[in-house]
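Right, one structure below, let's go through it.
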Amino acid sequence: MERADIQTHPKTISRQGSGETPPKKHSGHLEVIIEDFELLEIYPMSNELDALIEELVIANKILYNEGVVDGFGHISVRHPSKESRFFIAKSMAPGLVSAKDILECDFEGVIHDPENRKSYVERFIHSEIFRARPDINSIVHSHSPSVIPFGVTSQRLRPICHMSGFLGSQTPIYEIRHTAGETSDLLINSQKLGKSLANTLGSATVALMRGHGSVTVGTSIKQAVYRAIYTEVNAKLQLESMKIGTIEFLTDAEAMATAGMADQHLDRPWALWKEKALSQHG
Ligand code: MN
């Protein structure tokens, strides 16, 4: 019973055992319990992979519910233990994705699925950005509508408010014609195009794709989703502001400071977006 109590209330003890629950006279027993407690911290769910896939499913529904993706667009997450692999849904509308629809893909764009199901033709966006950016664990590709104008005009997407400081001073624009010529369908449907997009993204958090959409990256699913949503929000605000006057954008230092601030609070909007999405599309 003592063991169960500690597992359900892990915050009542510290690693040094100086918390209120464990009596010092049971120090031999306590060591074992604290070791287990540390394992619980590292693996908070009974099956880490199932939890990650569930989070990816929720992310699909959130992105749909928040208007970032519609029938098109996708989100991926890097496999936590298998090198050069990531998870992404089979080729389907993101709002309808469930855990059974998540497939494993490698960095060559090959799907490893016993049922031979297909994923998106644009999976090379994910494979090549994961390859180029070891710091990144989740990628969103969308056609979110307010962002499109900034990929086709001389007006650059820049951080207009404190929630979108992650945009930084540069949101690079990918020009597919430089790699695919002037007759392509604009889709990133090969390793070669994926590599050139990853090259344009560089170390940025967002890249716009001329006449197509955008790609947003994060160190976690929550961060990538947050950034995808606020990229669309920022674009909408910037379009509105352009109508009424000259815009005072965040400075580079403000952008950096606010991005760090937002990263401390990713759980709060996630909880709200999740509740909204699951109540409507659960
Ligand atoms: Mn696309």
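The values are calculated or read from the model by the stated rules, or taken from the named source; none is laboratory data. Keep in mind it's a predicted model, so treat the numbers as computed, not measured. All Cβ positions, glycine included, derive from the backbone under ideal geometry; neighbour counts span all protein chains shown.
Just wondering, is there one or more residues in region 147-158 that are touching a residue at least 40 places away in the same chain (Cβ under 8 Å), within 16 Å of the ligand (Cβ to nearest atom), assigned by TED's automatic domain parsing to the domain that holds Val217 and buried (at least 24 other Cβ atoms within 10 Å of the Cβ)? Checked region 147-158: at least one residue is touching a residue at least 40 places away in the same chain (Cβ under 8 Å), within 16 Å of the ligand (Cβ to nearest atom), assigned by TED's automatic domain parsing to the domain that holds Val217 and buried (at least 24 other Cβ atoms within 10 Å of the Cβ).
Looking at region 114-146 only, could you name the residues that are assigned to a loop (DSSP other than H, G, I, E, B), within 16 Å of the ligand (Cβ to nearest atom) and under 23 Å from Ile62 (Cβ atoms)? Passing the criteria: Tyr120, Glu122, His143, Ser144.
Answer with yes or no whether Leu193 is part of a strand (DSSP E or B) and either modelled with pLDDT under 95 or touching a Phe, Trp or Tyr at 6+ places or on another chain (Cβ under 8 Å) (or both). Write out each step before concluding.
On the way: part of a strand (DSSP E or B): no; either modelled with pLDDT under 95 or touching a Phe, Trp or Tyr at 6+ places or on another chain (Cβ under 8 Å) (or both): yes.
Considered against the rule, which asks whether it is part of a strand (DSSP E or B) and either modelled with pLDDT under 95 or touching a Phe, Trp or Tyr at 6+ places or on another chain (Cβ under 8 Å) (or both), Leu193 comes out as no.
Selection of first residues in region 202-213 that are free of Cβ contacts under 8 Å to residues at least 60 places away in the same chain and assigned to a loop (DSSP other than H, G, I, E, B) and of second residues that are within 13 Å of the ligand (Cβ to nearest atom) and not aliphatic (A, V, I, L, M), restricted to Cβ pairs under 6 Å at least 6 apart or on distinct chains, gives the following pairs, ordered by first then second residue: Arg210/Gly151. Can you name the residue in region 178-212 that is within 14 Å of the ligand (Cβ to nearest atom) and on the phi > 0 side of the Ramachandran plot and, of all such residues, is surrounded by the fewest Cβ atoms within 10 Å (Cβ to Cβ)? Among residues in region 178-212 that are within 14 Å of the ligand (Cβ to nearest atom) and on the phi > 0 side of the Ramachandran plot, the one surrounded by the fewest Cβ atoms within 10 Å (Cβ to Cβ) is Gly211. Here Pro159 does not fit the description of being more than 25 Å from Ala257 (Cα to Cα) and not acidic (Asp, Glu).
State all residues of region 223-248 that are polar (S, T, N, Q), in a helix (DSSP H, G or I) and farther than 23 Å from Leu272 by Cβ; if no residue qualifies, say none.
Applying the first criterion (polar (S, T, N, Q)) to region 223-248 yields 223, 231, 234, 238, 241, 246.
Okay, now just the ones that are also in a helix (DSSP H, G or I), so 223, 231, 234, 238, 241.
Those that are polar (S, T, N, Q), in a helix (DSSP H, G or I) and farther than 23 Å from Leu272 by Cβ: Gln238, Ser241.
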